[in-house]
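Heads up: the structure comes next, in structure tokens.
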Amino acid sequence: MAELKLNNNDAQIELAESAEYSDTIGKKLKIFWRRFRKNKLAVISLFMLIFLYMVAIFAPLIAPYDPDGTADDVMMADMAPSFHSYQSDVTGEMKTYAPNYFGRDELGRDVFSRCVYAGRISLTVGFVSVAIFITIGTVWGCIAGYYGGIVDNIMMRIVDAIMSIPTMPLLITVMALFKPSIYNVMIVLGLTGWTGIARFVRAEFLSLMKRDYVEAARCIGARDRRIIFSHVLPNAVAPIIVAATMGMASAILSESGLSFFGLGVQPPTASWGNMLMNAQELSTMVEAPWKAFYPGMLIFITVLSFNFVGDALRDALDPRLKQ
Amino acid sequence: MLKYTLKRILQAIPLLIIISILTYLIINLAPGDPTAFFINPEKASRLGPDYVANIKHHLGLDQPLHIRYFKWLGNVLRGDFGESFFEQRSVMSILWEALPNTIILSLVAELIALIVAIPAGIICALKRNSIWDYIFSTISFIGMSLPTFWFGLMLILVFSLKLGWLPTAGMRDNFDAFVFTDRLRHIILPAIVLGMGGMAANMRYMRGAMLEVIRQDYIRTARSKGLSEKVVIVKHALRNALIPIVTMFGFSIPALFSGAAITETIFAWPGVGRIAIEAVFSNDYPLVMGNFMIIAVMTVVGSLVADLLYAVVDPRIKYE
């Protein structure tokens with residue numbers, strides 16, 4: 001009985017929502033938030049992401065050490081994590097050191113401070129490359145879906161071809177041939193990640209183009225550009241936002257993978273991926289596991305959060321897509 | 001059926017041509033000079049530009065790009081990918097040796113993924129919104145989000161270095177004979193790492209497909225006939241829900257090879273993925289191009305086979 005009531009309630013909300021279809025942005029946001037809120041994990045993830053971005057923005061205030069500063073003494077290399085500040089006279093005079101929450105690495109750099117600064121790099125690389133591939137993918141999909149026919153056929157075969165090349169070897173090849181640097185990582189991730197988006201924007205266009213209102217727009221003599229940007233594309237925005245969120249997850253994963261192989265962000269600049277580079281040696285793994293554990297954990301948490309938020313966004317922005 | 005098969009094969013040909021052009025362009029238009037490897041700097045300074053030009057001529061690099069492409073393509077069609085720069089043998093023989101290893105690893109990974117994903121997906125769908133649904137959904141999200149290399153390293157750290165249960169790397173310890181347990185011990189960790197992504201994806205697909213199927217009329221019919229729940233689920237629902245998993249297999253091939261590159265490198269597994277990475281790092285251009293083409297051909301053939309299988313398992317598909 002209780003369940004029945006609940007369903008009834010849900011149905012009423014949905015009805016109310018559809019009635020509010022033409023309402024203001026503020027109201028739409030409210031509806032959106034009410035739907036999004038239902039997914040507790042996504043809400044936690046969203047706050048997690050806000051927290052991570054805050055940490056990245058205020059990195060200088062949070063990091064107790066200079067991220068690239070090596071330790072005062074060789075003895076401090078690979079020091080285990082500690083939560084207490086400690087005193088040492090390695091420099092000749094007694095000095096108080098801030099706690100090394102995540103330990104120190106092989107050069108005696110504070111892993112926590114490096115992680116904090118690396119967040120800036122990893123999150124920025126993700127953001128910029130997603131911006132690039134969303135743009136390319138959307139434009140590609142629009143053109144293919146709008147013009148159809150032979151144009152569509154050629155453009156989509158190119159997409160198929162790129163999709164049949166495994167991503168990681170492709171990324172590694174391209175990065176090795178061009179000089180590895182933070183800018184090249186962004187560009188290369190942007191240039192290789194757009195195929196999925198192109199595919200669904202095209203699919204969305206193909207179905208939307210058959211709608212009456214597009215026909216109507218054409219009848220009153222609207223130009224191609226106007227139909228694409230004012231009538232069709234706005235309807236495809238929701239899935240694009242979802243793809244962008246999920247894309248952040250995959251871009252951060254790819255960046256960390258490339259940096260792990262030494263082909264991404266170049267040291268001494270820290271990124272979560274390249275912090276793991278030195279942890280590859282098995283001896284370091286046993287002696288100083290914290291060097292590998294924390295950066296990897298941060299990649300994992302960030303990617304997981306983006307995936308959770310993306311999933312909830314899909315449900316909240318477009319209930320039709322819900323499985 | 002025959003017509004459909006032929007049509008799909010004909011569609012695969014332009015795809016392979018585009019892939020070959022892309023591969024060729026990426027490698028040959030990139031900055032960095034493949035001749036650098038063959039040029040002895042001391043000789044070059046002594047003998048001047050003639051020496052360099054001679055080497056370029058010898059390698060056929062003095063000809064225009066499109067002519068070189070067609071020459072390369074002609075050789076590729078005859079199964080000749082050229083000689084590896086570093087190992088003094090043909091690219092084909094190197095890849096031929098490594099390919100079975102990658103295929104075995106991928107198959108075991110996919111098997112592990114399916115063994116977990118299919119039952120989990122079914123449970124999620126049947127007990128929708130239950131605690132199990134949430135637990136498995138969360139696990140599938142975790143599987144999607146784990147950085148492969150880090151997950152591999154952590155497994156090595158725990159199971160090989162700390163506990164000492166499994167070997168850290170390689171494919172076998174016993175090089176004289178095939179010992180099943182030896183091989184099994186070596187394949188477990190890399191297969192789990194490689195299968196993680198597929199498991200996550202398959203679980204979601206399985207759940208979605210099952211939810212779709214149990215809403216159908218024929219399931220209601222089966223239930224109202226008085227069939228036991230077990231028969232309804234296994235015989236009527238599961239068979240239909242497995243169809244998308246078959247297509248998924250075709251699409252998962254590029255992802256498997258992509259993951260194999262990282263997994264094989266971490267676990268020192270002698271497969272094509274590791275060769276791809278090593279070839280890239282050593283600027284072994286013929287090997288890189290050969291590797292790309294082989295993997296791409298396998299991908300295209302894989303999705304072709306998956307498409308045809310899809311048509312076989314699902315009679316509703318019309319062959320046009």
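Key figures
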item: Distant-in-sequence amide H partners of B:E83 (H built 1.01 Å from N, under 5 Å); result: B:V91
item: Cβ neighbours within 10 Å from other chains - mean over B:255-265; result: 4
item: Among A:A98, A:A238, A:A288: highest mean-square fluctuation, GNM of chain A, C-alpha pairs under 10 Å; result: A:A98
item: Inter-centroid distance (Cα atoms) of region A:208-228 relative to region B:176-236, Å; result: 45
item: Virtual spin-label span in nm between B:L47 and A:T24, 7 Å along Cα→Cβ; result: 8.0
item: Rounded FRET efficiency, nearest 0.05, which uses the C-beta distance separating B:K127 from B:K225 and R0 of 35 Å; result: 0.90
item: Inter-label distance for A:K95 and B:I17, nm, one decimal - labels placed 7 Å from Cα along Cα-to-Cβ; result: 6.8
item: Electrostatic dipole magnitude of the protein assembly as shown [Cβ: Lys, Arg +1; Asp, Glu -1; Cα centre; debye, to 20]; result: 2720
item: ³J(HN,Hα) computed for each position of region B:17-27 - Karplus, 6.51 cos²θ - 1.76 cosθ + 1.60, integer Hz, glycine/proline x; result: 5, 4, 4, 5, 5, 4, 4, 5, 5, 4, 6
item: Averaged over B:139-148, number of beta-carbon atoms from partner chains that fall within 10 Å; result: 6
item: Residue among A:S250, B:W269, A:V43 farthest towards the positive dipole end of the protein assembly as shown, charges placed on Cβ; result: A:V43
item: Most positive-pole-ward Cα, B:M206, B:L194, B:L227, against dipole of region B:181-235 from beta carbon charges; result: B:L227
item: Label-zone membership for region B:250-277, site B:W96, 7 angstrom Cα→C-beta point, backbone N under 17 Å; result: B:272
item: Inverse of mean 1/r across different Cα pairs in the protein assembly as shown, Kirkwood, Å; result: 27.5
item: Candidates A:R226, A:R37, A:R202: whichever shows maximal mean-square fluctuation once chain A is modelled as a Gaussian network with Cα springs under 10 Å; result: A:R226
item: Under-5 Å amide H pairs with A:Y97, H placed in peptide plane, nonlocal only; result: A:Y86, A:Q87, A:S88
item: 10 Å Cβ shell holding at most 13 others, DSSP loop, chymotrypsin sites (Phe, Trp or Tyr not before Pro): longest site-free stretch of chain A; result: A:84-323
item: Point-charge dipole on Cβ atoms (K/R +1, D/E -1) for region B:91-313, about Cα centre, debye to 20; result: 1160
item: In Hz, Karplus ³J(HN,Hα) per residue of region B:150-156 (6.51, -1.76, 1.60; θ = phi - 60°; x = Gly, Pro); result: 5, 4, x, 4, 5, 5, 4
item: Inter-chain Cβ neighbour average for residues A:155-164, partner chain, 10 Å; result: 6
item: Sparse-neighbour loop sites [chymotrypsin sites (Phe, Trp or Tyr not before Pro); region B:51-114; at most 10 other C-beta within 10 Å; DSSP]; result: none
item: Quarter of Cα convex hull surface for region B:91-313, i.e. mean projection, nm²; result: 14.8
item: Extension gain from B:K162 to B:H57, taking 0.36 nm per residue of separation minus the Cα-Cα distance; result: 32.2 nm
item: Residue of A:D152, A:D212, A:D105 that the Gaussian network model of chain A assigns the largest fluctuation, springs spanning Cα pairs under 10 Å; result: A:D212
item: Low-density loop cleavage sites - trypsin sites (Lys or Arg not before Pro) in region B:170-266, where at most 14 other Cβ are within 10 Å (DSSP); result: B:R215, B:K225
item: All-pairs alpha carbon distance profile, region A:245-320, 5 Å steps from 0, percent; result: 3, 16, 21, 19, 15, 10, 7, 5, 3, 1, 0
item: Label-point gap, in nm, between B:E212 and A:R225 - each point 7 angstrom along Cα→Cβ; result: 4.0
item: Within region B:68-136, GluC sites (Glu not before Pro) in DSSP loop having at most 16 other beta-carbon neighbours inside 10 Å; result: B:E87
item: Alpha-carbon gyration tensor eigenvalues x 5, square-rooted, for chain A, Å; result: 46, 26, 15
item: Hz values of 3J(HN,Hα) by residue in region A:299-308 - Karplus curve (6.51, -1.76, 1.60), Gly and Pro given as x; result: 4, 4, 4, 5, 5, 4, 4, 4, 5, 4
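Readers should treat all values here as calculations from the given coordinates under stated rules, not as data from a laboratory. Keep in mind the model is a prediction, meaning the values are calculated, not measured. Glycine gets a Cβ as well: all are built from the backbone with ideal geometry, and neighbour counts include every protein chain shown.
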